[in-house]
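Chemist: Below are the structure tokens for one structure; questions will follow.
Bear in mind these aren't lab numbers, they're just calculated from the coordinates by the rules spelled out. The structure displayed is predicted, hence computed values, not measured ones. Ideal geometry is used to build each Cβ from the backbone, glycine not excepted, and the neighbour counts take in all protein chains shown.
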Amino acid sequence: MNNIIAFAGKGGVGKTTIASLLIRYLVKQKAGSVLAIDADPNSNLGELLGFKPTQDIGRIIDDISRNISQIPLNMSKDEFISYRIETTLDEAEGFDLLTLGRPEGTGCYCYVNNVLRNVSSKLMSNYDYIVIDNEAGFEHLSRKTLKKIDTLIIISDSTPQGLKAARRIFDLVKELKIEYKEIYLVVNRVKLNKKTDIDFPAEIAGFISEDVNISDAGEISIMNLDEKTQIIKETNEIFSHITERSRSCLKN
């Protein structure tokens, strides 16, 4: 049985960084097979993990749209798009990566998200863990890229604006009746004396200190950060708690 873990949060709070740190944790712990899904059109997840994607859904759709003749006679366009994505999935050390990417032009992302939804549903049964870095903000929740998840991790910074946005995400998940088993808040860039002042309707899984800055690592991949690095120690403790709880929920 797999474990689907999704991240949500407003822009600029460190959502993608923390999602990449969870992928690192699962790989280093040898927790099982991991599929990382970069569902953010900005597509930064691979870079943080030290891996440059060779393909993404947007580029595959554009290529097929420009070269319709490559579609086999016994396949529809949608079937061929799914086939291309599934057979060109990026394989990194310890995890596979599926990237949404950006389609050309200024059109709506609805079709690209539909493709992502269909392809990811087919692939999920092949992995123990699926980690999804969603687009910043709220729109992706309304599109329901995923109708059902096991664990939702909302990321916020410690500002009133960030926490207000996190509360809106929590309320929207309830309003849209998105199925989940566990929901957590992780507060990033927080001062020590503010840790007890945060009121939130879901469990606060942990805090990441204000002085912990991933950019201090320079061009080093998150996968190669030293285990003694402060951000690794803090996030590993958070992820250990979340994954243990997730495993218990899945058993029940």
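Chemist: Calculate the FRET efficiency for residue 118 and residue 47 from the Cβ-Cβ distance with a Förster distance of 30 Å, rounded to the nearest 0.05.
Modeler: After rounding to 0.05, the efficiency reads 0.70.
Chemist: Here's another thing I want to ask about it. Give a residue-ordered list of calculated ³J(HN,Hα) values for the range 150-159 (Karplus: 6.51 cos²θ - 1.76 cosθ + 1.60, θ = phi - 60°; whole Hz; x for Gly, Pro).
Modeler: 3J(HN,Hα) across the range 150-159, in whole Hz: 8, 9, 10, 10, 8, 9, 9, 8, 8, 6.
Chemist: Restricting to bridges with both residues inside the range 3-251, how much of the DSSP beta-bridge set is antiparallel, in percent to the nearest 5?
Modeler: Here the antiparallel bridges make up roughly 10 percent for the range 3-251.
Chemist: Also, quick follow-up: For residue 74 and residue 209, FRET efficiency with R0 = 45 Å and r from the beta-carbon atoms, rounded to 0.05?
Modeler: After rounding, the FRET efficiency stands at 0.20.
Chemist: While we're looking at this one, here's another question. What distance in nm lies between label points placed 7 Å from Cα along the C-beta direction at residue 241 and residue 83?
Modeler: Between residue 241 and residue 83, the simple spin-label model gives 4.8 nm.
Chemist: List the GluC sites (Glu not before Pro) within the range 59-133 that DSSP assigns to loop and that have no more than 12 neighbouring Cβ atoms inside 10 Å.
Modeler: Those that pass, being in a loop and sparsely packed, are 93, 104.
Chemist: What is the spread of the Cα atoms of the range 3-251 along each of their three principal axes, largest first, in whole Å?
Modeler: For the range 3-251, the Cα spread along each principal axis is 64, 40, 39 Å.
Chemist: I need the trypsin sites (Lys or Arg not before Pro) found in the range 14-111, filtered to DSSP loop residues with at most 11 other beta carbons within 10 Å of theirs.
Modeler: Qualifying residues, ordered by number: 30.
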